[in-house]
Every structure is written in structure tokens, then in C-alpha cells.
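For reference, the structure discussed in these notes is given below.
The values are calculated or read from the model by the stated rules, or taken from the named source; none is laboratory data. Since the model is a prediction, treat every value here as computed from it, not as a measurement. Glycine also receives a Cβ, built like all others from the backbone with ideal geometry; neighbour counts cover every protein chain displayed. For the accessible areas, the whole protein counts, side chains as well, though only heavy atoms, and no ligand, DNA or RNA atoms are used. Shrake-Rupley method; radii C 1.70, N 1.55, O 1.52, S 1.80 Å.
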Amino acid sequence: MHPAVNLLDSRTDMGDLGWIAYPKNGWEEIGEVDENFAPIHTYQVCNVMEQNQNNWLLTSWISNEGASRIFIELKFTLRDCNSLPGGLGTCKETFNMYYFESDNEDGRNIRENQYIKIDTIAADESFTELDLGDRVMKLNTEVRDVGPLTKKGFYLAFQDVGACIALVSVRVYYKKCPSVIRNLALFPDTITGADSSQLLEVSGSCVNHSVTDEPPKMHCSAEGEWLVPIGKCMCKAGYEEKNNTCQVCRPGFFKASPHSPSCSKCPPHSYTLEEASTSCLCEEHYFRRESDPPTMACTTPSPISSVKKSKITKNSISLSWQEPDRPNGIILEYEIKYFEKDQETSYTIIKSKETTVTADGLKPGSAYIFQIRARTAAGYGGFSRRFEIETIPVSVAASSDQSQIPIITLSLTVGVILLAVVVIGFLLSGRRCGYSKAKQDPEEEKMHFHNGHIKLPGVKTYIDPHTYEDPNQAVHEFAKEIEASCITIERVIGAGEFGEVCSGRLKLQGKREFPVAIKTLKVGYTEKQRRDFLGEASIMGQFDHPNIIHLEGVVTKSKPVMIVTEYMENGSLDTFLKKNDGQFTVIQLAEMLRGIASGMKYLSDMGYVHRDLAARNILINSNLVCKVSDFGLSRVLEDDPEAAYTTRGGKIPIRWTAPEAIAFGKFTSASDVWSYGIVMWEVMSYGERPYWEMTNQDVIKAVEEGYRLPSPMDCPVALYQLMLDCWQKDRNSRPKFDEIVSMLDKLIRNPSSLKTLVNASNSVSNLLVEHSPVGSSAYRSVGEWLEAIKMGRYTEIFMKNGYSSMDAVAQVTLEDESPCEKWSLTLHPLFPTGYQT
Ligand code: ACK
């Protein structure tokens with residue numbers, strides 16, 4: 001539909017226009033016909049030879065039909081004064097157009113001076129006698145607009161002051177945005193605003209069978225175009241969108257919620273006979289739990305009927321059960337739910353492929369409720385009945401412990417012998433002193449995790465959102481849904497892979513408003529992008545630690561989809577450090593590192609491997625607290641601009657990644673420790689780029705050949721040593737995060753331990769002052785002293801360089817080439833000049 005609506009068109013108006021002309025010898029109507037012999041109302045005047053012309057032509061009253069800006073299109077011919085010999089003194093080539101507003105036709109007899117001038121109209125084209133001779137009419141078209149109009153209608157008037165004019169047509173119209181259906185909302189015909197730049201906000205109404213939780217709106221421009229749609233309607237449950245309407249779901253199909261895009265076929269073993277179904281009924285003998293989503297298949301119950309207690313201690317309960325007699329297909333895994341009696345709101349789920357499970361970390365002498373269900377390809381069966389089992393009370397456990405004293409003594413003896421064997425073996429293997437190693441191989445945790453087992457050593461374990469068939473279920477398990485109306489977006493602070501990152505405020509019911517960061521998912525995303533985007537929230541939502549970015553919740557029920565986290569005033573750590581180069585004390589930097597290590601310890605305890613630990617993925621708040629962020633599934637690395645493709649096809653941030661992870665994809669907490677070492681280096685060098693401008697290929701080669709990053713400027717020896725430890729080729733020799741945390745704790749508690757800097761020329765003097773308050777005599781040998789300052793591994797270098805006694809070390813003067821300088825040169829292998837063979 002055309003956006004212009006005519007109020008008057010003298011060409012198409014066949015009857016008497018009722019216009020008034022005066023004085024008598026002024027404008028006159030001539031009855032002409034167009035090429036189709038239709039009458040044309042043409043008014044003309046041509047008193048070019050006479051002085052003082054003032055000829056008026058008044059239209060009849062024109063209703064504006066509610067429009068507040070109207071347009072007037074004039075078509076006319078105007079004679080060129082040069083073609084009128086003798087009339088040059090008086091001849092004019094313009095005429096004037098006026099209007100007068102009135103609510104009704106009573107205003108007809110107004111005085112001329114009450115009219116308001118719209119414009120003086122001149123011709124673009126004038127006609128000449130020659131034109132007339134050829135019977136060629138050159139028509140001028142001029143359009144003017146008037147507004148804002150405040151009354152119901154108006155008159156127009158044309159004043160001639162001595163020109164030769166033929167007014168061929170007058171068209172008066174207004175513009176509107178024509179009625180349209182957009183996003184399932186009907187927007188009515190809307191007359192444009194009075195101002196030529198005005199956008200009118202118009203509310204839409206949902207079409208039949210549609211609903212909204214975000215009222216639809218659009219904006220009508222002065223040109224009659226619809227712009228900027230906001231909100232939308234969705235077909236209600238039982239209906240789906242087709243051609244801008246909501247069509248009913250056919251029998252056999254259902255749609256459970258307005259948010260589902262279309263009707264889906266009933267899941268296995270369910271049906272509907274009705275149209276517009278919002279769920280499907282289970283076939284006979286098939287069931288679905290009330291809490292199961294309607295997308296889930298109906299299954300025959302395969303309930304576990306009896307459970308055997310295999311072992312109960314004061315802190316753990318081990319159970320076993322029989323596979324159900326008639327499972328509905330192959331059992332993929334069991335889900336064991338348990339909680340302390342009367343505390344059902346806080347429960348634990350263990351997934352196991354075995355018919356046994358051990359729940360540990362329980363309270364002594366407490367009753368626990370267990371329920372088990374099996375999962376087949378068709379979905380979950382119903383939960384078994386509740387089994388109530390009590391752990392052993394402490395008193396009983398103690399007495400049974402008493403009776404076991406001889407056994408314990410025996411085991412202790414065996415234990416001590418075994419330990420001695422291990423220690424001797426360790427010493428014989430020639431390994432220098434280092435960090436004690438955790439007993440568990442990190443891969444083992446990962447394997448457990450991949451097998452879907454969840455062990456409960458009193459610590460929560462990370463659950464891979466991939467293990468959920470429905471990713472939406474994972475998000476809602478781990479993340480709170482926040483209503484979009486609780487969020488105020490204030491400004492855009494950056495760009496994420498999936499959309500803008502904004503800062504804003506969150507006001508939850510009963511809580512004070514507080515600042516948050518909001519990651520948004522851009523419009524037009526694919527289902528996979530949405531899943532990957534929300535995957536981060538499913539992971540983040542499982543963590544609760546002061547050094548892990550805290551998830552406030554997600555917005556998934558309205559658009560845009562958002563992830564809301566705590567706000568970190570200083571943004572990402574690498575940028576922050578670059579901006580504040582040299583501004584912090586070593587203790588402040590060590591505290592930042594301690595925080596990061598503590599967050600990483602928590603993640604590794606939960607069995608989560610970060611894979612992209614780097615200063616750019618650490619956020620820092622106004623109190624300089626650092627928090628690990630940027631969690632994701634495969635996409636973490638996709639999203640990281642530092643990530644490069646390896647020959648194995650994966651995308652890896654080479655400079656931060658351990659060699660075994662680059663070479664054969666072995667990502668473990670130990671490879672995270674390597675990355676942590678690189679983060680330490682980034683922090684101590686205030687955001688310097690690791691390996692500077694070396695290419696990724698050169699980095700891989702150098703690291704493989706045993707080269708390591710040199711110490712950053714003014715870096716405490718102890719911290720650089722820790723970095724080197726993190727970069728041990730053998731991943732089992734790298735420190736664990738808990739060891740890194742306690743090491744940093746010790747250093748921070750004893751600030752003098754951080755005074756010795758790798759590249760300070762007086763480093764040895766410092767060492768002696770800080771570590772040997774009563775002089776070098778506090779240590780019997782150089783080895784003992786180096787052990788005490790956690791530099792035992794350099795004993796050999798000291799010896800080789802002639803510093804075999806503490807006296808020799810103590811005599812080092814500022815002028816001497818200090819053993820630490822030699823030592824630090826040895827640690828600068830990336831610089832060929834500094835590398836000593
Ligand atoms: O260095 P920045 O200021 O810190 O720029 C990036 C940008 O958004 C894109 O990731 C910033 N950012 C991300 N999450 C947060 C947050 N929770 N608090 C404050 N800034 C954040 C990040």
C-alpha cells in the first residue's frame with residue numbers, strides 16, 4: 001500500500017471543486033479535458049500587461065483527517081516574461097501559496113491578511129510561444145509541506161500578482177506507515193508525525209494465537225517507513241509460526257512453550273490425537289516423570305527395586321544394585337541421587353556406568369536418602385523408591401578404630417617401609433628436590449570425568465555440560481534465570497566472540513542494585529552459537545570461589561540472550577598491567593599471582609582443565625583481586641585471537657601452552673600449570689608478550705629444545721624459579737596448584753624473600769642480608785643455604801664457579817661478577833648472547 005493518502009486531487013475530482021476566485025478579471029476556470037477526455041480543473045490568469053494585480057483563488061475547506069503534516073503538490077505552467085513583448089514592466093514569473101486552519105467550513109470569509117504564507121512558487125520550466133505553437137505543454141511540479149497542523153482542516157489560497165499561469169492540478173496528501181504484520185505483531189496504519197525527523201513509537205498487537213513477554217513496538221518515520229522493531233510475539237503453546245500467522249500443531253505434534261520455534265513430533269512412545277497439543281500423552285505402560293520435560297521420550301519404568309549396602313563408614317556409604325529385569329534398551333548409565341534426610345533441597349547426583357557407587361564426604365551418624373534410576377537411549381526411567389541409610393556415628397567408628405589398632409600399626413609399619421623405598425628410589429633416580437607430587441594422575445581424574453562418573457571426595461566435581469542431552473537443561477541446572485527487566489545496560493565495554501560485552505546494573509528482588517558485566521549473544525545466532533555461548537554459563541555456574549569470576553545468572557527467556565557476571569572494574573589483567581607499567585610493588589604482583597593460583601587450584605580440584613589460561617583471560621577488580629575467567633567448551637580456543645591451528649588441526653594459544661598439549665593434545669591441570677608459569681611471566685613483566693615477536697613455529701622449536709623465557713626485569717629469584725618449575729618438560733615434575741599457592745603464601749608472608757632480584761647486580765649481597773640475618777654462618781654449606789632459599793638446584797653451578805663455601809659467597813662484592821649473574825645468564829637461553837654452554 002502506498003504510504004501517501006490524498007485529501008484532495010483536483011485532477012480526479014470530477015464535480016465542481018467549489019473554489020472561489022476574485023476579483024472577477026483574475027483567475028478563471030477553463031474546462032479542459034485530458035488525453036482520455038476526462039475533465040481537468042485548470043485555473044488560469046494572465047494579466048501581465050496591467051499594474052497592481054492581486055488575484056486570489058481560494059480552495060474549499062479540506063479536512064486533514066487527523067494528519068498533522070500535509071503535503072501540497074502543484075502542477076502548473078508559467079509563461080516566460082521575455083516571450084511577452086510589451087509586458088516586461090509589469091509581468092511576473094511567480095505566484096504565492098497560503099493556508100488558513102479552521103475546524104470547519106465557517107472560516108471561509110476570512111480576510112486575505114489572515115492567511116499564512118506557505119511559499120512563493122516559481123517555475124523550473126517556463127513555456128514560450130514556440131512551445132504553444134507545437135502544442136507542447138511544459139509542466140512544472142512543486143511540492144511543499146505544512147505542519148504541525150492543530151485544527152481539523154484548512155483552506156489553501158493562490159495569489160497571483162501579475163504572472164501568466166495555468167494551475168493544472170493541486171494534490172493535497174499526508175503520509176502514513178501502512179498497517180503491517182512484523183514478528184507476529186500487527187501494527188496499525190499510522191499517520192506520520194508532525195516533524196520531518198520525528199519517529200513515532202507504535203505498539204503492535206499480537207496476532208491470533210500468539211503471546212508476548214516482550215511487547216512488540218516499531219517506529220513510524222516521517223517518510224512513512226517502519227523502522228527499529230523491538231520485542232516480538234510468539235505463537236502460544238500448541239501453535240507454530242507460518243507466513244506471519246500462528247498455525248495449529250497437527251495431531252501427533254506438540255509445542256510445549258511459546259519459546260519453542262515450531263511444533264515437534266511427539267517423542268518416542270507418546271502421542272496426541274488433538275490439534276494444538278502442548279504435550280504428548282505416554283502410550284500405555286510407558287511413563288514420564290512430572291518433572292521431565294515434554295520433549296523426553298516416555299519409557300517403561302525400569303526401576304531398581306533393591307539396593308545392597310556394601311560398605312558403610314562414618315563418612316561414606318557404598319551401595320550396589322541389580323540391573324533391572326526388563327530395561328527399556330541398553331542401560332547407558334545410572335543416576336544416583338542422594339541427600340541428607342529432610343534436606344532434599346540440597347542433593348547430589350552421581351552418574352555411574354557401574355551398578356555400584358560410593359558416596360563419600362558424608363556426615364557421621366546421619367541418615368541419607370538414596371534413589372537410583374537408569375538411563376537408556378530412550379531416556380531416563382523413573383527413580384527407584386527411596387532407600388534410607390545411616391552412616392556410622394563417630395563414637396562407634398572410634399571404638400571400631402580402637403579394635404583395629406594392631407592392624408593400623410601393622411599398616412603403618414608397612415607404610416613407613418614403603419615410603420622409605422619410595423624415597424630411596426626417588427633419590428637414586430637422581431631427581432633434585434622439588435615439589436611433592438600429588439598421588440593422582442591428572443588424566444585419571446579426566447578419565448573418570450569422561451566416563452561420566454562423579455566421585456565425591458567432599459569436593460564438588462565439575463560436570464561437563466556436554467554430558468547433558470539437552471544443553472538448555474545444563475544451563476538451567478547451573479545458572480539462575482534472570483528477568484531482563486532486572487538489568488540496566490549502561491555502556492558497551494568490549495566485543496566478545498558472540499556479541500557485545502556491556503557494563504550495567506542488576507537489581508534482584510530484595511537485594512541492593514549492584515554493578516555487573518553483561519555478555520550478549522548477537523541477533524541472528526545459530527542454535528550452535530547459542531549452545532556454545534550458554535556453555536560458558538553452564539561451566540561458570542558450577543564454580544564458587546573468590547578467584548573465579550562469579551556468574552550472577554543468564555537471560556534466555558527473552559532476547560538478547562545474556563550472561564551476567566560480577567563486574568571487574570579494572571578489566572582484563574594484561575591490558576591493566578600494560579596501562580600501569582611499573583606501578584606495583586612486588587608484593588602486590590605476588591598477591592595477584594597468588595589469587596590466580598588459588599582460583600586455578602579450585603578449578604583443578606574440581607577436575608576442570610582451563611586450556612586457555614593467560615593474562616588476557618584474567619579479570620581484575622578495583623581491589624586488585626584477580627579472577628580467572630573465559631570458560632568454554634571447544635570454543636574457548638576458537639574465540640581466543642592468540643589461538644593458532646596446530647598440525648593436528650586443533651586451535652591452540654601456542655605461547656601459553658605446554659609442549660605435550662601442543663604436540664599430542666594432552667591438556668591436563670599440569671598443562672594449565674605451564675600456562676600459569678607464562679601468566680606469572682606476563683604479570684612480572686607488566687603485560688609483555690611472551691617470546692615477543694618470535695613466530696609460533698620458533699617458539700615451539702625453542703621450547704622443545706629446552707629454551708625457556710628469561711626472567712623479567714627486576715623479578716624476584718623465587719618467582720622466576722617458580723616459573724621455571726612450571727615449565728618443566730616432564731609434566732609430572734611441575735608443581736601442583738596447591739603447592740604454588742602455598743609457595744606464594746610463604747613468599748608474601750616473608751616479603752624479604754622477594755627482595756633478591758634475578759638481574760640485580762647486588763643480588764648475592766641481598767640474599768645474604770635477607771636470608772641469613774646473623775651472617776653467612778647461619779648455614780653450614782652453600783648447598784644448605786641454597787636449599788633454604790629454594791635454589792637448591794643451582795648448587796652445582798655455584799660449585800663450578802668456585803663458590804664452594806659460604807665464606808666465598810659472603811666475600812662477593814658489588815664489583816665482582818656475582819654467581820647470581822652467572823646463574824641468571826644460564827637461565828637466559830633465549831638470548832643467544834647470554835646463553836652459556
Ligand atoms: O580489557 P577489558 O576492559 O576487560 O575488555 C574486555 C572486554 O570486556 C571484552 O571481553 C571486559 N570484560 C569482560 N568481562 C568483564 C567483567 N566481568 N567485568 C568487567 N569487564 C569485563 C574485558
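How high is the FRET efficiency from residue 143 to residue 104, r the C-beta distance, R0 30 Å, rounded to 0.05? Present the calculation step by step, with values, prior to reporting the outcome.
Values: r = 27 Å, r/R0 = 0.90.
Computed FRET efficiency for residue 143 and residue 104: 0.65.
Order of 243-254, 604-615 by packing, highest average Cβ count within 10 Å first?
On the way: 243-254: 17.1, 604-615: 23.0.
My ranking of the peptides, most packed first, is 604-615, 243-254.
How much of the accessible area of region 134-202, in percent, comes from carbon and sulfur atoms when a 1.4 Å probe is used?
Working: 1440 of 2940 Å².
Heavy-atom surface of region 134-202 belonging to carbon and sulfur, 1.4 Å probe: 49 percent.
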Extreme residue, positive dipole direction of region 33-98, given options 61, 96, 77 (C-beta unit charges): 96
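If you add up the charges near residue 235, with Lys and Arg at +1 and Asp and Glu at -1, over every other residue whose beta carbon is less than 15 angstrom from its beta carbon, what do you get? Let's see the in-between values first.
Values: positive: 182, 232, 236, 242, 250, 255; negative: 213, 214, 240, 241, 275.
My count for the surroundings of residue 235 gives +1.
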With every protein chain in place, region 699-760: carbon and sulfur % of accessible area (1.4 Å): 53 percent
Region 497-550 shape via C-alpha gyration tensor axes, a/c threshold 1.5: oblate
Region 170-187 - phi-based ³J(HN,Hα) in whole Hz, Karplus 6.51/-1.76/1.60, Gly and Pro as x: 10, 10, 10, 8, 10, 10, 9, 8, x, 3, 8, 10, 9, 6, 6, 10, 8, 9
Percent carbon-and-sulfur accessible area, region 1-90, ignoring ligands, DNA and RNA, probe 1.4 Å: 50 percent
Mean-position separation - Cα centroids, region 553-597 and region 329-371, in angstrom: 37 Å
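Which shape class, rounded, prolate or oblate, goes with region 15-69 when its Cα gyration tensor gives a ≥ b ≥ c as root eigenvalues, a/c under 1.5 marks rounded, and past that a/b bigger than b/c marks prolate?
Details: a/c = 2.56, a/b = 1.24, b/c = 2.06.
In terms of gyration-tensor shape, oblate.
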Length added when fully stretched, residue 804-residue 28, from 0.36 nm per residue minus Cα-Cα: 266.9 nm
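Sort 41, 209 from largest to smallest accessible area, using a 1.4 Å probe on the heavy atoms of the protein chains.
Working: 41 15, 209 75 Å².
Accessible-area ranking of 41, 209, largest first: 209, 41.
How much net charge surrounds residue 468 when only the other residues with a Cβ under 13 Å from the Cβ of residue 468 are counted, with Lys and Arg +1 and Asp and Glu -1? Provide the component values of the computation, followed by the final result.
Numbers: positive: 351, 375, 531; negative: 333, 335, 464, 469, 470, 477.
Net of charged neighbours comes to -3.
What ranking do 157-170, 139-152 get when scored by the average of other Cβ atoms within 10 Å per residue, highest first? It would help to have the intermediate numbers written out before the result.
On the way: 157-170: 22.3, 139-152: 14.7.
Answer by packing, highest mean first, reads 157-170, 139-152.
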For region 150-228, size of Cβ-based charge dipole, Lys and Arg +1, Asp and Glu -1, in debye: 300 debye
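Rounded if a/c is under 1.5, else prolate if a/b beats b/c, else oblate: with a ≥ b ≥ c from the C-alpha gyration tensor eigenvalues square-rooted, which is region 458-581?
Working: a/c = 1.37, a/b = 1.24, b/c = 1.10.
Because its axes are fairly even, with a/c under 1.5, region 458-581 counts as rounded.
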Nitroxide proxy distance, nm - points 7 Å out along Cα→Cβ at residue 13 and residue 473: 7.2 nm
Under-5 Å amide H pairs with residue 292, H placed in peptide plane, nonlocal only: none
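Taking every pair of alpha-carbon atoms in region 224-288, give the share separated by more than 20 Å as a whole percent. Mind showing how you got there, number by number?
Numbers: 756 of 2080 pairs.
When all Cα pairs of region 224-288 are counted, 36 percent exceed 20 Å.
Taking the solvent-accessible surface of protein heavy atoms with a 1.4 Å probe, what is the per residue accessible area of region 167-218 in Å²? Don't skip to the end; give the middle numbers.
On the way: 2270 Å² over 52 residues.
Value for region 167-218: 44 Å² per residue.
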Phi to ³J(HN,Hα) by Karplus 6.51 cos²θ - 1.76 cosθ + 1.60 over region 355-372, Hz, x for Gly, Pro: 9, 9, 7, 10, 9, 10, x, 8, 7, x, x, 10, 8, 10, 9, 10, 9, 10
Proximal lysines to residue 236, defined as alpha-carbon separation beneath 25 angstrom and excluding residues fewer than eight positions away on the same chain: 217, 255, 265, 480, 522, 528, 557, 559
J(HN,Hα) series, region 40-46, from Karplus relation 6.51 cos²θ - 1.76 cosθ + 1.60, nearest Hz, glycine and proline x: 10, 7, 10, 10, 9, 8, 7
Dipole-positive endmost among 555, 568, 609 within region 549-639 (Cβ charges, Cα centre): 555
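Net charge near residue 492: determine it from the other residues with C-beta under 14 Å of the C-beta of residue 492, scoring Lys and Arg +1 and Asp and Glu -1. Please report the intermediate quantities before stating the final value.
On the way: positive: 491, 519, 522; negative: 490, 500.
The answer is +1.
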Accessible surface of residue 234 - all protein chains present, 1.4 Å probe, nearest 10 Å²: 20 Å²
Förster-model FRET efficiency, 56 Å R0, residue 211 and residue 388, C-beta, rounded to 0.05: 0.80
